[in-house]
Structures are given as structure tokens and as C-alpha cells.
Amino acid sequence: MTVKGPIAPTDFGKALVHEHVMCDFIGANETGRHRYNPEEVVKVMFPFLREVKERGFSGFVDATPAYIGRDPLVLMRLSELTGLYILTNTGYYGAANDKFLPSHAFRETPDQLASRWVTEWREGIDGTGIRPGFIKIGVDPGPLSDIDRKLVQAAARTHLQTGLTIACHTGEAKAALEVLEIVKSEGVDPSALIIVHADSIPNEQVHERLAREGAWVEYDAIGSKPIGEHVRLITAMVQKGFVDRLLLSHDAGWYWVGEPEGGKDKIRPYTALMDKLLPALKSAGINDAVLGKILVDNPRKAFTIKVRRR
């Protein structure tokens, strides 16, 4: 489900699965469209997304959640200008010590939160009619707090009603494994779960366990970590037979709300994957067929809307 409506999974093409067009870090109580000029955001970010299209990508997943700068209308305009298939999300981000959670998230039950997110799926986001293409949640390092556990439960219940895939910000082993177990306990198959920032988990046995269970292992710090480190991680996972569980992206961008011209000088481009990582992977012996699986087949499968029950 793109910001412009549904497409066939085969149309999604080569995709970046975790990027950001805009972020606002002021906190849930103060953020809002009053804090930025949408036309300026589009103007600043258009050249960066055009570079994505020029490198042969057609899919672009915007992972900015509600209350941190999610704006489906900005994404719609950029999709129109670039021709990219852009996905936005529903869900709440409970990492960063809950700074980006609205007050009702603490009061409501998992089912009440799920009801909010299902409504966005059925009716669109904030009256725009634009529907989310996946569920984005975030949790702090484990063991999970009560609110983080509730967010995972709500995401799992939303998945069972919508078929939307869950992308969970973790980057820490204990939290990642706990999220996996909660999702399973809710009756959701791990293939509906993306463990975001898995390349920040030092213990590579955890990567293997997540993949073996069927979850998606996302290495999304391409360009902000040494390229050689990602070559090693990806090569190891491919050699161990987990090519079908890997997703790659930059976690890059973004227009910084509250800064002049969106902090234009520190916006990270979405180019390192094609310009640096792929040549290095090919030099390490990873062939085009494997790269096609990781960049085309896996994103298509990960974001296809389908209820995945255990």
C-alpha cells in the first residue's frame, strides 16, 4: 500500500526499506504541521529522492512514525514528483524513553491502540485518505517496559486485522528477542516482523536466531557504519543460508524540523548502498542473483499485505 494507493507487489521493484524524509524531535506534546512549511520540505528533499530514482530504485519506505514528523501529504507530493512508490506507516514509537508517545498511549489498552491503527488503515491518516503500508513501532532496550510491551501487542493485533507488516526499532538483543516472543505469543508468524537496526546488535548469533525463526533481519545503517562491516555481516548471513531474511537500507535523510532549511547541510543522501556497498559486495563474491533477492524479492515479500498467522 503506497501513499498513492495499492499496487501489485511485483511493481514495488528495487526498494530502500528504511529511510526518513522528515523528522521532528521536539516531542509528542509539541510536534505538528505548524512547525514546518510542507512546500519547503518537498523542495529540500526532492533532489535526494530523485537520486534514489536515478539509481534504479522504485520503492521507498518512509519509517518516520506519528508524532516524529510523519506527513503523508509531503510523501504524496514527493511520490508524484519522483515516480517512487513511497510507503508510510501507522503505529507509535516508544523508544527514546517514551518522548514521542502521546499521553493516551499510556492509558489505553493494546486493543484500544490497535483500534486507532486499524482505523488509519481503513479510513486513512488524519483525514487525508492516505493509508499506511506497514506498522512502525519502537521500543527501548530490554527488558521491555510495560508501555513497550503494550505497543508490541497492539502492533501484533493490528497485523492480524490488516495484514500490515510490523517494523520494530530495537537495535538491542534482549529487546529484539522479547519482541519476537510477544509477536509469536499473539499468534503472529515471525515473517510479519522486521527487526530494525539489527546491525547495531553486536551478537551475530542473535541475527541468526531471528532469521532462523523467520523474522526479517534489517541492516539499515549503510553508509553510517564502515562499508567493510556490512560486507562482512551480509556475506556471513548469505553463507549461512539466510539470504531470504535480509533487508538493507540507510536510515538516512532527513529534513530536520526546527532548523533553517531543514538542516540541509547535514542531510545524509540515500546513495551509499548503490554507490559503495554493492560494488564492495560484488568484489567479495556476492553475485547479481543474490543481490536481486535482497533488494527486490525480499522487500516485495516483506511489505506485501497478508495476514501471517502462526
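The values are calculated or read from the model by the stated rules, or taken from the named source; none is laboratory data. Just so it is clear, the model here is predicted, and its values are computed rather than measured. Because the Cβ atoms are built from the backbone with ideal geometry, glycine has one as well, and the counts that use them run over all protein chains shown. Keep in mind that these areas ignore ligands, DNA and RNA; they rest on the heavy atoms of the full protein, side chains included. Shrake-Rupley method; radii C 1.70, N 1.55, O 1.52, S 1.80 Å.
The residues in region 72-99 that are open to solvent by 10 Å² or more (accessible area, probe 1.4 Å) and either in a helix (DSSP H, G or I) or of a type outside the set (Ser, Thr, Tyr) (or both) can be counted, and the count is 11. Residue pairs whose Cβ atoms lie under 7 Å apart, separated by 6 or more positions or on different chains, with the first residue in region 174-194 and more than 21 Å from Glu204 (Cβ to Cβ) and the second open to solvent by less than 10 Å² (accessible area, probe 1.4 Å) and in a loop (DSSP other than H, G, I, E, B), are Ala192/Thr165.
Here Ala114 meets each of (1) more than 30 Å from Lys53 (Cβ to Cβ); (2) free of Cβ contacts under 8 Å to residues at least 60 places away in the same chain; (3) open to solvent by 10 Å² or more (accessible area, probe 1.4 Å) with one exception, condition (3).
Please enumerate the residues belonging to region 33-56 that are free of Cβ contacts under 8 Å to residues at least 60 places away in the same chain and hydrophobic (A, V, I, L, M, F, W, C). Spell out the reasoning first.
First pass over region 33-56, keeping only residues free of Cβ contacts under 8 Å to residues at least 60 places away in the same chain: 33-34, 37-39, 42-43, 46-47, 50, 53-54.
Answer for region 33-56, where residues must be free of Cβ contacts under 8 Å to residues at least 60 places away in the same chain and hydrophobic (A, V, I, L, M, F, W, C): Val42, Phe46.
For region 50-64, the criterion of being closer than 21 Å to Ile125 by Cα and part of a loop (DSSP other than H, G, I, E, B) is met by at least one residue.
For region 43-54, name all the residues that are more than 20 Å from the chain's Cα centre (by Cα) and closer than 29 Å to Leu278 by Cβ.
Narrowing region 43-54 to residues more than 20 Å from the chain's Cα centre (by Cα): 43-44, 47, 54.
Once the filter is applied, which keeps residues that are more than 20 Å from the chain's Cα centre (by Cα) and closer than 29 Å to Leu278 by Cβ, region 43-54 yields Val44, Pro47, Glu54.
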